[in-house]
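The structure appears right after this line, and notes come after that.
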């Protein structure tokens, strides 16, 4: 099958609205070979839901980026804590780190965090008044998950804004030098933070995390990598989850009004909101270690494979009338948190943060509306995540 002449995931129109692109690609074939960047390189893009679920669990698709790039020249300079994190490894290395991460976000632990999350939302919204304008991204969607994850890692408050900005830089699709510099800032900072915690007795969340890492035999490098992943993944996608969900509700007033009248429906609506506009557009890097066949398409060994939850979640084969936000839909099969052994262990925390943020907005400010035309909104220029740069609202 002939590949597109240009990378369809780098078109400015894709960043503004990826779904027409995904629909066109899926209609031709749910597994397509596409060009990536310059230099004649190609990857396989998976846009169909059953094909994506299959690929997420196929052990022949590796996430070991160090192995893939070992014999491929590169001018990149990522900090090892970023390039060798849990999302860039296979079992057994992945298994040890995931075991620690999963224990951090059990249902019981997240339940205990809910009062803390509620206090943060209350603090962030205490000056909001009906009739005034806010930026939901800057004023709530960014600081809420940043504060939570920094508290879990013991990051001092004065350092949190800078760390959040550097994490934001890691997803800049247009500037690899900026990405590399951000990775070193985060990796070096967390190395010093962990070194200090090792030499200072304490019983805070970071000390508890380090104890868990020691119990499971993680090396110092693995511990730093896990901390870096928790910092970056622990807030970036949640920020987009909250922003995308609020925008979807504002563009579907009947859904907004329904949740406003009955906020207890919000937890059950989260899966459909995640499906409708996924904060993860394309999953992190994988490559084929053997020849394999997905969706009737042969993928040779040695090729990058891009699984697109954003596309799979709009596959009409899995979700009838997928471009319609339907709060009565059973959307539990969405792939916004991934699937299989790499499914996001922080999903319970992300859901709690989004639920509390939405409940506060809908109940306290029931007449909220967009402060600018929807077509004037701008989106992050990255294919991995989908999120707004700002979301101006009139309360």
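For the reader, a short list of remarks on this structure follows.
- Out of 301, 283, one residue alone is under 29 Å from residue 43 (Cβ atoms), free of Cβ contacts under 8 Å to residues at least 60 places away in the same chain, in a loop (DSSP other than H, G, I, E, B) and in contact with a strand residue (DSSP E or B) (Cβ under 8 Å, 6 or more places away or on another chain). It is 301.
- Qualifying residue in the stretch 335-348 (condition: at pLDDT 95 or above, closer than 18 Å to residue 273 by Cα and touching a strand residue (DSSP E or B) at 6+ places or on another chain (Cβ under 6 Å)): yes
- Test: residue in the stretch 147-165 that is touching a strand residue (DSSP E or B) at 6+ places or on another chain (Cβ under 7 Å) and either in a helix (DSSP H, G or I) or surrounded by fewer than 18 Cβ atoms within 10 Å (Cβ to Cβ) (or both): no
- Filter result for residue 393 (modelled with pLDDT of 95 or more and assigned to a strand (DSSP E or B)): yes
- Summed over the stretch 60-70, the residues that are farther than 24 Å from residue 177 by Cβ and out of contact with any helix residue (DSSP H, G or I) (no Cβ under 9 Å at 6 or more places or on another chain) give a count of 2.
- Matching residues, the stretch 362-378, being surrounded by fewer than 20 Cβ atoms within 10 Å (Cβ to Cβ) and assigned to a loop (DSSP other than H, G, I, E, B): 366, 367, 371, 372, 373, 377, 378
- Residue within the stretch 176-198 that is under 27 Å from residue 77 (Cβ atoms), within 19 Å of the chain's Cα centre (by Cα), in contact (Cβ under 8 Å) with a residue 24 or more places away in the chain and exposed (fewer than 13 other Cβ atoms within 10 Å of the Cβ) present: no
- Among the residues of this structure, residue 319 does not count as one that is within 24 Å of residue 148 (Cα to Cα) and part of a loop (DSSP other than H, G, I, E, B).
- Residues of the stretch 284-300 classified as surrounded by fewer than 17 Cβ atoms within 10 Å (Cβ to Cβ) and touching a helix residue (DSSP H, G or I) at 6+ places or on another chain (Cβ under 6 Å), total: 1
- Restricting the stretch 130-143 to residues that are buried (at least 19 other Cβ atoms within 10 Å of the Cβ) and modelled with pLDDT under 95, the residue that is nearest to residue 117 (Cα to Cα) is 143.
- When residue 381 is tested against (1) more than 22 Å from residue 123 (Cα to Cα); (2) outside any loop (DSSP other than H, G, I, E, B), only condition (2) is not met.
- Verdict on residue 346 being in contact with a helix residue (DSSP H, G or I) (Cβ under 7 Å, 6 or more places away or on another chain) and at positive phi: no
- Counting only helices (runs of 4 or more DSSP H) wholly contained in the stretch 18-122, the ones carrying 2 or more residues that are surrounded by 12 or more Cβ atoms within 10 Å (Cβ to Cβ) and either touching a strand residue (DSSP E or B) at 6+ places or on another chain (Cβ under 6 Å) or at pLDDT 85 or above (or both) occupy 19-28, 49-56, 65-69, 93-104.
The values are calculated or read from the model by the stated rules, or taken from the named source; none is laboratory data. Nothing here was measured: the structure is a model prediction, and the numbers come from that model. For neighbour counting, all protein chains shown are included, and Cβ atoms are generated from backbone atoms with ideal geometry for every residue, glycine included.
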